[in-house]
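Participant: This is the structure I want to talk about, given as structure tokens.
The values are calculated or read from the model by the stated rules, or taken from the named source; none is laboratory data. Given the structure is predicted, the values throughout are model-derived calculations rather than measurements. Glycine gets a Cβ as well: all are built from the backbone with ideal geometry, and neighbour counts include every protein chain shown. For the accessible areas, the whole protein counts, side chains as well, though only heavy atoms, and no ligand, DNA or RNA atoms are used. Shrake-Rupley method; radii C 1.70, N 1.55, O 1.52, S 1.80 Å.
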Amino acid sequence: MGPSRFLGVAISLVALLAAASAGAAPPHPWMNPRLAPARRAELALKAMTEAEKLTLVSGYFATPAPFQHDYQPPPQVRLNSAGYVPGIPRLGIPPQWQTDAGIGVATQRSKTPRERTALPSGLATAATWDPKLAEAGGAMIGAEARASGFNVMLAGGVNLAREARNGRNFEYAGEDPLLAGRIVGAEIKGIQANHIISTIKHFALNDQETNRTTVSVTLADDQARMSDLLAFQIAIEVGDPGSVMCSYNRIGGVYACENDHLLNQVLKRGWGYRGYVMSDWGAVHSTVDAANHGLDQQSAASFDDQPYFREPLRQALAAGTVPRARLDDMARRILWALFAKGVIDHPVADQPQPIDFPRHEAVSRADAEGAIVLLKNTGGVLPLAATARRIAIIGGHADVGVLSGGGSSQVYPRGGAALTTGPDFFPGPELYYPSSPLKALQAELPQAKITYLDGRDTDAAARLAAESDLVVVFATQWSAEAFDPAFVLRSGQDALIAAVAKANPRTVVVLETGNAVAMPWLDQVPAVLEAWFPGARGGEAIARVLSGAVNPSGHLPVTFPRSEDQMPHKVVERGAEVTYSEGAAAGYKWFDKTGQAPLFAFGHGLSYSSFQTHSLRAAGGDALRISFTVRNTGRVRGKTVAQVYVSPRAGGWEAPRRLAGFRKLDLAPGAVATVSLSVDPRLLATYDGAAGCWKIVTGTYEVQLGDSAQDIQARTTVRLRAHILPGGRSG
Ligand code: BGC
């Protein structure tokens, strides 16, 4: 039992004793924190009327919505947030106050947003390959949620980036199930350490925004289990979220929120999930099917055609088309999560609590500094030489701030946005956080004369570039919920970069994007940094990487293709149905399988230092254990990501190799680390849908240690014995 848990128990015991000695009515038995959450949920459930159970399973939008027949939320909501589910005061069950989520405490579109700390995008956090940073980020945003009176965070986005242009990839954690699952699981763990619930979302296969509310996705179940579903499964095991949010799309023609296979068979029976399934906002289409097929709570009912889980559910119970035991199961799951995650024992305050913004912004900056990927660096152009006198900064609004991703996850910064442009309606605005790379660089390099131009006049930019010792061009590509942005940089930025690089070959490009983008000018520039959407202190993080105060250590969590022709789907699918014919071979697996060389491979990332790996060893048999050593052979301290891939000699997987393990290491010059790790057996198996289990095949497997999926430094082989794993949890 950790110290904070102990304190919680002690406080509750004191309350129990005080109530007894004051002669007050004894507290409800389910308020006893010494009982197991399942027991407490059962006791509370027994005391509930049917109307009270129905209260728990249906939510309200918490923002006035002129577009929903002038909808006005109930007065008890935390205004301008995502949702509210009334409590049951008679029984001591608190309301559920829900907010988005993944990068911080968001506000729905409003004139008076809550000002909170934004982490870098989820994809950026995945680029750290550092679950500890992800957990620290989760702990930070969970603390702000609690301080803001929220006890349910709609976080934990883990949809795989199988569609490289998906507008919400920035909210997720990349294309590999192991990396995405570990990072998102760690974030959820951090959030829930604040005694609040986090969701995991959007379950499942909501991998593109185009037609997201109607599209029907086809992906064979065994392939889904080895890709998108595996990311969810791993993240659920690591983070144990109180709730799972089912998605908008259909799977095999059936909406995710009424999909018996997905919710009942896979999640609840197969994986033994104990929490509750809540719908995405506007993702419910029925009462009986949704209830019987696994949905436990209808979110923000005004988004759906009907309040399916209110009067219609009451009628369905009366008619017997939804069994009463099913309503009990819904309420029990919600109660279990409220007890198990500490929401009931640690109530959130009604009034906003103080927030330590400087400390939280330091967490965000550390995340960004670990996330920025140095994609290219030839001729030692970076870090910026202390001798550079005249530096030109061009474009990307780098004079005022850094770009953020749009939609429901939008966090509004302290002191207001540096700039808002773009649509004046959802998912807008396009918002820049007030963290200027220009000003931060001026502070880092006080001896240099740094001049800024916005880049709208290409000739003027080229003239300034020609007169400068070095140029840094910033390019931005906005991503947001509800649309899929282009793969090509917008608004003539490619032409600007090419013109500037022609005028001065010492041109560094900094990208602020939510996805991979095309780089037709790549051969013309010596250095490129991918800074993603770098969060509240992103400008400082970029400047510190450029100056060398921070040694870059981010690695790509997604493949950067050369062109759209290399992708499994040349264009984003616009039809009513999408067939993911690439199966489980998403991302780098697709590139490996089709023998294509991408522009930058999954896992790629440079450093100002250099590293060497030695002594790769692998022990096989019934389990795979790997050990190796890594040495920092450079002159500066730095972090590297050791990546272990496994490839069966006989083939038989969806693609030639899979990421099987990774470790981020921080090494002083000359220092050596010895790493040993054991491989999750599911990553050595294929899923057999008919038998409902994972199967490892006897044979020889190559273990590869790499700097990326395409840059393998060391190999060894090992024999594995045939092995069957249950379809649910590993081990
Ligand atoms: C999004 C969810 C979000 C919800 C509430 C939906 O549009 O898809 O991710 O949690 O809105 O804001």
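Participant: Using every Cα-Cα pair within segment 609-726, state what percent have a distance larger than 16 Å.
Facilitator: 60
Participant: Local charge sum around Ser435 (other residues, Cβ-Cβ under 15 Å, Lys/Arg +1, Asp/Glu -1)?
Facilitator: Summing Lys/Arg as +1 and Asp/Glu as -1 gives -2.
Participant: Calculate, for Thr629 and Asp565, the FRET efficiency according to 1/(1 + (r/R0)^6) with r their C-beta to C-beta distance and R0 41 Å; round to the nearest 0.05.
Facilitator: Efficiency, rounded to the nearest 0.05: 0.50.
Participant: What order, most packed first, do the peptides 138-149, 119-130, 695-706 have when packing is the mean number of other Cβ atoms within 10 Å of each residue?
Facilitator: Ranked by mean Cβ neighbours within 10 Å, highest first: 119-130, 138-149, 695-706.
Participant: Given segment 367-578, report the % of alpha carbon pairs whose separation exceeds 25 Å.
Facilitator: Roughly 36 percent, rounded to a whole number.
Participant: Which value in nm describes the separation of the simple spin-label points at Glu467 and Lys46, placed 7 Å from the Cα toward the beta carbon?
Facilitator: Roughly 8.3 nm, to one decimal.
Participant: Another question about this same structure. Using only the alpha-carbon atoms, what does segment 269-353 span along each of its principal axes? Please give whole angstrom values in decreasing order.
Facilitator: Projected onto the principal axes, the Cα atoms of segment 269-353 cover 44, 30, 24 Å.
Participant: Same structure, new question: Suppose the Debye formula is applied to equal point scatterers at every Cα of the chain; what is log10 I(q)/I(0) at q = 0.07 Å⁻¹?
Facilitator: -0.48
Participant: Additional query: Report Rg/Rh for segment 522-643, rounded to two decimals, where Rg is the Cα radius of gyration and Rh the Kirkwood radius.
Facilitator: We get a ratio of 1.05 for segment 522-643.
Participant: Pick out, from Ser110, Pro485, Gly270, the residue whose Cα sits farthest towards the positive end of the charge dipole of the chain, with +1 on the Cβ of Lys and Arg and -1 on the Cβ of Asp and Glu.
Facilitator: Towards the positive end, the residue furthest out is Gly270.
Participant: Expressed as a rounded percentage, what relative contact order does segment 244-375 have, with Cα pairs under 8 Å and six or more residues apart?
Facilitator: Working: 146 pairs, mean separation 26.1, N = 132.
For segment 244-375, the relative contact order is 20 percent.
Participant: Could you work out the per residue convex hull volume over the alpha carbons of segment 42-340, in cubic angstrom?
Facilitator: Details: hull volume 36.3 nm³, N = 299.
Dividing the Cα hull volume of segment 42-340 by its residues yields 121 Å³.
Participant: Contact order normalised by length for segment 609-726, with contacts defined as Cα pairs under 8 Å and 6 or more residues apart; what percent is it?
Facilitator: 30
Participant: Additional query: Where only protein heavy atoms count, and the probe is 1.4 Å, what is the accessible area per residue for the chain in Å²? Don't skip to the answer; put the middle values down first.
Facilitator: Numbers: 25820 Å² over 731 residues.
For the chain, the solvent-accessible area averages 35 Å² per residue.
Participant: Once fully extended, how much extra length lies between Tyr71 and Arg324, figured as 0.36 nm per residue of separation less the alpha-carbon to alpha-carbon distance?
Facilitator: Values: separation 253, 0.36 × 253 = 91.08 nm, distance 3.08 nm.
Here the answer is 88.0 nm.
Participant: A further question on this structure: If r is the Cβ-Cβ distance from Arg456 to Ala486 and R0 is 25 Å, what FRET efficiency results, to the nearest 0.05? Provide the component values of the computation, followed by the final result.
Facilitator: Working: r = 20 Å, r/R0 = 0.79.
With a Förster radius of 25 Å, E is 0.80.
Participant: Points 7 angstrom from Cα along the Cβ direction at Phe426 and His723: gap in nanometres?
Facilitator: 4.6
Participant: Just tell me, in residue order, which DSSP H segments of the chain are both 20 angstrom or longer along the helix axis (alpha-carbon based) and at least -1.0 in mean Kyte-Doolittle hydropathy.
Facilitator: Correct list, ordered by number: 3-21, 131-147, 177-192, 324-340, 357-371.
Participant: Summing Lys, Arg as +1 and Asp, Glu as -1, what charge do residues with Cβ under 9 Å from the Cβ of Phe426 carry, Phe426 excluded?
Facilitator: Working: positive: Arg109; negative: Glu481.
That works out to 0.
Participant: Might you list the cysteines of the chain that have no disulfide-compatible partner by the rule of another cysteine's Cβ under 4.7 Å?
Facilitator: Unpaired cysteines in the chain: Cys693.
Participant: Additional query: Quick one: pull the percent of accessible area on the chain belonging to carbon and sulfur, 1.4 Å probe, ligands and nucleic acids left out.
Facilitator: 53
Participant: Taking R0 as 41 Å, what FRET efficiency do you get between Arg90 and Ser678 from their Cβ-Cβ distance, rounded to the nearest 0.05?
Facilitator: For R0 = 41 Å, the calculated efficiency reads 0.25.
Participant: Antiparallel DSSP bridges in segment 367-578: what percent, to the nearest 5?
Facilitator: 30
Participant: Measuring from label point to label point, each 7 Å out along Cα→Cβ, what is the Phe357 to Ala386 span in nm?
Facilitator: About 3.4 nm, to one decimal.
Participant: With N residues in segment 327-471, what two-decimal value do you get for its Cα radius of gyration over 2.2 N^0.38 Å?
Facilitator: It is 1.53.
Participant: Quick one: 3J(HN,Hα) in Hz for segment 101-110, Karplus 6.51/-1.76/1.60 with θ = phi - 60°, rounded, Gly and Pro as x.
Facilitator: Couplings: 6, x, 10, x, 7, 8, 10, 5, 3, 6 Hz.
Participant: Shifting gears a bit: For Thr579, what residues show an amide H to amide H distance below 5 Å, using hydrogens built from the backbone and excluding near sequence neighbours?
Facilitator: Long-range HN contacts for Thr579: Thr218.
Participant: Turning to a different aspect of this structure: If you average the sequence gap of Cα pairs under 8 Å that are 6 or more apart and divide by the length of the chain, what percent do you get for the contact order?
Facilitator: It rounds to 13 percent for the chain.
Participant: Do the sum for the chain: with -39,500 (n - 2.57) for every DSSP H run of n ≥ 4, divided by all residues, what is the mean residue ellipticity at 222 nm, to the nearest 500 deg cm²/dmol? Numbers along the way, then the final one.
Facilitator: On the way: 17 runs with 182 residues, N = 731.
My calculation for the chain gives -7500 deg cm²/dmol from helical runs alone.
Participant: If you don't mind, another one. Hey, got a sec? Which trypsin sites (Lys or Arg not before Pro) in segment 62-139 land in a DSSP loop and have at most 12 other Cβ atoms within 10 Å? Intermediate values should be presented prior to the final figure.
Facilitator: On the way: sites: Arg78, Arg90, Arg109, Lys111, Arg114, Arg116, Lys132; in loops: Arg78, Arg109, Lys111, Arg114, Arg116.
The qualifying sites are Lys111.
Participant: Follow-up. In the full protein assembly as shown, how much of Phe309 is accessible to a 1.4 Å probe, in Å² to the nearest 10?
Facilitator: Accessible surface of Phe309 is approximately 0 Å².
Participant: For Phe357, Phe425, Phe483, give me the order by solvent-accessible area with a 1.4 Å probe, most accessible first, ignoring ligands, DNA and RNA. Write down the numbers at each step before the final one.
Facilitator: Values: Phe357 40, Phe425 135, Phe483 65 Å².
Ranked from most to least accessible, the order is Phe425, Phe483, Phe357.
Participant: Among Ser676, Ile712, Gly699, which residue has its Cα positioned farthest towards the positive end of the charge dipole of segment 609-726, with +1 placed on the Cβ of Lys and Arg, -1 on the Cβ of Asp and Glu, and the dipole taken about the Cα centre?
Facilitator: Ser676
Participant: What number comes out for the charge environment of Gly320, summing +1 per Lys or Arg and -1 per Asp or Glu over other residues with Cβ under 13 Å away? Before the final figure, lay out the partial values.
Facilitator: Details: positive: Arg314, Arg324, Arg326; negative: none.
Combined, the nearby Lys, Arg, Asp and Glu give +3.
Participant: To continue, here is another question. Sort the following peptides by mean Cβ neighbour count (other Cβ atoms within 10 Å, averaged over residues), highest first: 364-373, 403-412, 487-496.
Facilitator: 364-373, 403-412, 487-496
Participant: For the chain, with the dipole built from +1 on Lys and Arg beta-carbon atoms and -1 on Asp and Glu ones, taken about the Cα centre, which of Gly239, Ala155, Ser216 lies farthest toward the positive end?
Facilitator: Positive-most Cα among the choices belongs to Gly239.
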